[in-house]
Amino acid sequence: MSTVTCKEIHIGTPEHEQELALRGRVLRGELGRPPVPEIFPWDDQSRRYVALADDAVIACLLVHPREGLSKVFQMAVEPHWRGKGVGPKLMKFVLDEERKKGATGFFLHARHYVVHYYAGMGFEPVGDPFEEIGIPHQRMELRFLSEPTRSNG
Ligand SMILES: CC(C)(COP(=O)(O)OP(=O)(O)OC[C@H]1O[C@@H](n2cnc3c(N)ncnc32)[C@H](O)[C@@H]1OP(=O)(O)O)[C@@H](O)C(=O)NCCC(=O)NCCS
């Protein structure tokens with residue numbers, strides 16, 4: 001199997017184009033909608049992370065830093081890469097990176113069928129389910145209990 005690596009990417013790069021295409025195909029197309037990504041008002045102010053295999057974007061995840069909890073959104077894995085640990089690997093990378101940048105916690109809106117999946121990564125359900133894009137969702141939160149260990153070196 002190809003090696004999977006995770007990294008932050010930036011707007012205007014070929015990886016950004018691939019991220020947008022993946023979001024459109026997976027997060028919209030798989031719902032039977034036009035495979036065009038939903039662009040949020042905070043999209044351009046968000047940090048964008050991807051997993052790569054053979055130089056191709058196979059997963060993505062965005063974070064919008066906010067006062068209090070940062071918003072994690074648009075998690076998608078290329079269909080033929082699912083079930084291989086790519087999602088959890090990317091999530092761990094992102095949470096570690098964001099924590100180093102000062103994040104103290106995160107929230108996300110989980111589609112109902114992945115609540116157990118995010119729970120396995122440490123997120124906890126908060127509040128009642130609600131509907132978004134025609135799908136039941138659950139707010140979930142993950143709060144760091146202590147400050148990250150900072151290296152002096
Ligand atoms: C969610 C996603 C990123 C997870 O990718 P992954 O890390 O490779 O993990 P998997 O695809 O194996 O999915 C994890 C779990 O969610 C379940 N799941 C994922 N998509 C599902 C769907 N459309 N319907 C029902 N269950 C689904 C899987 O069956 C699996 O359950 P299990 O742990 O009980 O086996 C990937 O399935 C995906 O891109 N899905 C479509 C986009 C999406 O729903 N994003 C999440 C938005 S909140």
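Coordinate-derived values only; no laboratory data. Source: prediction; values computed, not measured. Note that each Cβ is placed from the backbone with ideal geometry, even for glycine, and that neighbours are counted across all protein chains shown.
For the reader, a short list of remarks on this structure follows.
- Pair list, Cβ < 7 Å and 6+ apart or interchain, from the range 1-27 residues that are touching a residue at least 12 places away in the same chain (Cβ under 8 Å) and at negative phi to residues that are surrounded by fewer than 16 Cβ atoms within 10 Å (Cβ to Cβ) and assigned to a strand (DSSP E or B): Q18/A56
- Filtered by the rule that a residue be of a type in the set (V, I, T) and touching a residue at least 60 places away in the same chain (Cβ under 8 Å), the range 75-127 gives V86, V94.
- Residue within the range 121-137 that is under 16 Å from the mean Cα position of the chain (by Cα), within 13 Å of the ligand (Cβ to nearest atom) and either among the acidic types (D, E) or outside any strand (DSSP E or B) (or both) present: yes
- Of residues in the range 42-60 being in contact with a His (Cβ under 9 Å, 6 or more places away or on another chain) and not aliphatic (A, V, I, L, M), the one nearest to I9 (Cα to Cα): R48
- Enumeration of residues in the range 61-97 that are closer than 13 Å to L142 by Cβ and surrounded by 21 or more Cβ atoms within 10 Å (Cβ to Cβ): V63, S70, V72, M91, V94, L95
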